[in-house]
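K.L.:
I am attaching a structure below and will ask some questions about it afterwards.
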C-alpha cells in the first residue's frame with residue numbers, strides 16, 4: 001500500500017481505480033452541494049520551487065473543500081531556499097503538518113522529503129514525473145470515453161515528465177499507448193523498461209502520424225518546459241512537425257479527444273484551431289486536477 005504519491009508507478013491498477021472512483025464521487029458531491037469535510041483539522045504544507053497556476057489553486061481550494069488548511073511555502077519562505085538540507089526541513093515539517101505537497105525540479109528531493117518527514121508526500125510536479133496531472137487526465141478520458149480498455153492514447157512531443165507519467169498511468173489503466181518523440185528526447189529509461197512488460201500495448205516512434213493512427217486521445221505538452229527557456233530556439237527546430245494539427249487529427253479516431261496539461265503555446269505543439277475546437281475537453285481536464293488531487297489528499301491524509 002502506498003503512503004505517498006511520488007510517481008505513477010507507486011500505484012497498482014486497483015489503487016489507481018480507487019483514486020479515480022473517489023475523485024468522481026467528490027466531483028459529484030461538489031456539484032450536488034454535498035459537503036465532504038474529510039480532512040477537517042488537517043494542514044497541508046505546499047512547497048513551491050516552481051511557480052504554478054493550476055497546482056497551487058487546485059490544491060489550496062481542494063484542502064478548503066475537504067475542511068482542512070493549505071499553507072503556501074515558496075523557496076523564499078523556507079530555509080531550504082538558503083541551503084538547509086532537505087532532510088532537516090523534512091524532519092521539522094514532519095512535526096508540524098499532516099501532509100506535504102511539493103512542486104520542484106529534482107525527483108530526488110521529493111523522495112528525500114518523503115523519507116525523512118514521516119508524512120504523506122504528494123508530488124505536485126518534478127522534472128521526472130507529474131502523477132497528479134495524469135490522474136486528472138485519466139479521469140477525463142473515462143468521463144469522455146466511458147473506460148480504458150481498447151482505447152488508445154497518442155502523445156506527441158517531448159519525452160518529459162508528462163510523457164513518463166502518461167506511459168505508466170495509461171498502461172496501468174489498460175490503455176494502448178503510442179508516443180512520437182525525437183530520438184534525442186526519449187522518455188526516461190526506467191519508464192521504457194516498465195513499458196516492456198506491456199509489449200503489445202506500447203509503441204515509440206519518431207513518426208507522429210504513425211503514433212496518431214486511430215487514437216482515441218491525442219495529447220501534447222510544451223516543447224520547452226519550465227527551466228528550459230534557454231533551449232527554446234533549439235527545441236523549436238528539433239520539434240518541428242511534432243504538433244497536433246488538423247492533419248494529425250485526421251488520422252486519429254473520428255471522435256478523438258485532445259488533451260493538454262497547460263499552459264499551451266499555440267502554433268507550436270498545438271495549433272490554435274485544434275485547441276479551441278477541443279477546449280471543453282482541455283478545460284474539463286484542468287478542472288479535474290482539483291477533484292483528482294482531493295482524492296489523493298483524502299486517501300493519504302485521512
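K.L.:
Go through the stretch 1-35 and give me each residue that's within 27 Å of residue 167 (Cβ to Cβ) and in a loop (DSSP other than H, G, I, E, B).
P.N.:
Across the stretch 1-35, the qualifying residues are 1, 2, 3, 4, 6, 7, 11, 12.
K.L.:
Same structure again: With the checklist (1) in the same structural domain as residue 139 (by TED's automatic domain parsing); (2) in contact with a strand residue (DSSP E or B) (Cβ under 9 Å, 6 or more places away or on another chain); (3) crowded, with 22+ Cβ neighbours inside 10 Å in hand, flag the one item residue 296 doesn't pass.
P.N.:
Here residue 296 meets the rest and fails (1).
K.L.:
Residue by residue through the stretch 205-234, note down the ones that are crowded, with 21+ Cβ neighbours inside 10 Å and in a helix (DSSP H, G or I).
P.N.:
Selection gives 208, 211, 212.
K.L.:
If you don't mind, another one. Mind telling me which of the residues 190, 199, 255 ends up being out of contact with any strand residue (DSSP E or B) (no Cβ under 6 Å at 6 or more places or on another chain) and closer than 29 Å to residue 103 by Cα?
P.N.:
So the residue among 190, 199, 255 that is out of contact with any strand residue (DSSP E or B) (no Cβ under 6 Å at 6 or more places or on another chain) and closer than 29 Å to residue 103 by Cα is 190.
K.L.:
Check whether at least one residue in the stretch 81-98 is in contact (Cβ under 8 Å) with a residue 60 or more places away in the chain and assigned by TED's automatic domain parsing to the domain that holds residue 16, and report yes or no.
P.N.:
Yes, because at least one residue in the stretch 81-98 is in contact (Cβ under 8 Å) with a residue 60 or more places away in the chain and assigned by TED's automatic domain parsing to the domain that holds residue 16.
K.L.:
Against the conditions (1) within 23 Å of residue 125 (Cβ to Cβ); (2) at pLDDT 95 or above, where does residue 224 fall short? Just the number, please.
P.N.:
Unmet for residue 224, out of (1) within 23 Å of residue 125 (Cβ to Cβ); (2) at pLDDT 95 or above: (2).
K.L.:
Collect the residues in the stretch 266-277 that are in a loop (DSSP other than H, G, I, E, B) and over 17 Å from residue 133 (Cβ atoms), keeping them in residue-number order.
P.N.:
267, 268, 271
K.L.:
Consider residue 273 carefully, then state whether it is in the same structural domain as residue 178 (by TED's automatic domain parsing) and more than 18 Å from residue 178 (Cα to Cα).
P.N.:
yes
K.L.:
Within the group 158, 190, which residue is in the same structural domain as residue 257 (by TED's automatic domain parsing) and either surrounded by 24 or more Cβ atoms within 10 Å (Cβ to Cβ) or in contact (Cβ under 8 Å) with a residue 60 or more places away in the chain (or both)?
P.N.:
Result: 158 is the single residue among 158, 190 that is in the same structural domain as residue 257 (by TED's automatic domain parsing) and either surrounded by 24 or more Cβ atoms within 10 Å (Cβ to Cβ) or in contact (Cβ under 8 Å) with a residue 60 or more places away in the chain (or both).
The values are calculated or read from the model by the stated rules, or taken from the named source; none is laboratory data. Please read all numbers here as calculations on a predicted model, not as lab measurements. When we count neighbours, we look across all protein chains shown, and the Cβ atoms used for this are built from the backbone with ideal geometry, even at glycine.
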